[in-house]
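Notes to accompany the following structure.
Each reported figure results from applying straightforward, stated rules to the coordinates on display, with no laboratory input. Keep in mind that what you see is a predicted model, and the values were worked out from it rather than measured. Here the Cβ positions follow ideal geometry from the backbone for every residue, glycine too, while neighbour counts run over all protein chains shown.
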Ligand code: ADE
């Protein structure tokens, strides 16, 4: 069972979210374990203060190292095997699908959510294994990024998605975007479902879907193609598609 443990000042925020929907079902089925510890519970201060003024002056407050360290130790002592400690920060490495897949193989993940202007560097140096950002923008705390990461990592753990194959052929598989999907009715507002999908001819359907994935990736996220796994047929198809587009432009 993969263990996720979030160190935060807002444990209800994290648990409320992750105990719902697919991650909630995985928790109830014993496939993942999600815990959240309030760092404030480890404050040595009778007011429960966990922050203090920055040495050297400047705006804002900094999280003190001791409560963070104690919260980390109490989480880590419940874990066996490899532990990765992820500090959520806009200064970290950008989170992506590949990282989600790699982290889904680690048995224990601790997420440290900072608030205020940051966390005392000494405790970060001692406990953090990975500094991770979820995008080039600044949020008010690490909770939403931790939830984003736990959601994306969980769905790569076998048994979390009901149907295992729905995580195999999806956006970012092979570094391509997913093909378009259709369901009933066959005609909506005068627009029909693509003919090939009604044909029952699986080879043709697979070919059509692959081509749509290639087209979409080229149109919406062309930079992904540099690292995509492409066959000779894929490359030829893309070349023709690009030529055709340039002719029409
Ligand atoms: N904390 C604040 N902003 C963040 C971001 N973009 N990613 C991760 N953690 C953060």
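Scan 226, 233, 146 and give me the residue that is part of a helix (DSSP H, G or I) and crowded, with 16+ Cβ neighbours inside 10 Å.
Details: 226 fails: crowded, with 16+ Cβ neighbours inside 10 Å; 233 fails: crowded, with 16+ Cβ neighbours inside 10 Å.
Only one candidate qualifies: 146.
Go through the residues of the range 125-141 one by one and say whether even a single one is in contact (Cβ under 8 Å) with a residue 24 or more places away in the chain, touching a strand residue (DSSP E or B) at 6+ places or on another chain (Cβ under 8 Å), more than 16 Å from the ligand (Cβ to nearest atom) and closer than 30 Å to residue 54 by Cα.
Applying the first criterion (in contact (Cβ under 8 Å) with a residue 24 or more places away in the chain) to the range 125-141 yields 126-141.
Right, trim to touching a strand residue (DSSP E or B) at 6+ places or on another chain (Cβ under 8 Å) and you get 127-139, 141.
If we keep only those that are more than 16 Å from the ligand (Cβ to nearest atom) as well, we get 127.
This time we only want the ones that are closer than 30 Å to residue 54 by Cα, so: 127.
Yes: the range 125-141 contains one or more residues that are in contact (Cβ under 8 Å) with a residue 24 or more places away in the chain, touching a strand residue (DSSP E or B) at 6+ places or on another chain (Cβ under 8 Å), more than 16 Å from the ligand (Cβ to nearest atom) and closer than 30 Å to residue 54 by Cα.
Kindly indicate the residue of the range 75-99 that is touching a strand residue (DSSP E or B) at 6+ places or on another chain (Cβ under 7 Å) and assigned to a loop (DSSP other than H, G, I, E, B) and also nearest to the ligand (Cβ to nearest atom) among those meeting that condition. Lay out the reasoning, then the answer.
Residues of the range 75-99 that are touching a strand residue (DSSP E or B) at 6+ places or on another chain (Cβ under 7 Å), as a first pass: 75-76, 79, 81-95.
With assigned to a loop (DSSP other than H, G, I, E, B) added as a condition, the list becomes 79, 81-82, 95.
Working: 79: 23, 81: 26, 82: 22, 95: 8 Å.
The selected residue is 95.
Return the residues of the range 51-64 that are more than 27 Å from the chain's Cα centre (by Cα) and buried (at least 18 other Cβ atoms within 10 Å of the Cβ); say none if nothing qualifies. Walk me through how you get there before you give the answer.
Narrowing the range 51-64 to residues more than 27 Å from the chain's Cα centre (by Cα): 51-61, 64.
If the condition is that a residue be more than 27 Å from the chain's Cα centre (by Cα) and buried (at least 18 other Cβ atoms within 10 Å of the Cβ), then 51, 64 are the ones that fit.
Quick one: what pairs do we get from the range 100-122, first residue more than 20 Å from residue 4 (Cα to Cα), second more than 16 Å from the ligand (Cβ to nearest atom) and assigned to a strand (DSSP E or B), C-beta under 9 Å, 6+ apart or different chains?
What qualifies is 120/52.
What are the residues in the range 100-117 that are within 16 Å of the ligand (Cβ to nearest atom) and surrounded by fewer than 17 Cβ atoms within 10 Å (Cβ to Cβ), if any?
First, the residues of the range 100-117 that are within 16 Å of the ligand (Cβ to nearest atom): 100, 103, 109-117.
Residues satisfying the conditions are 116, 117.
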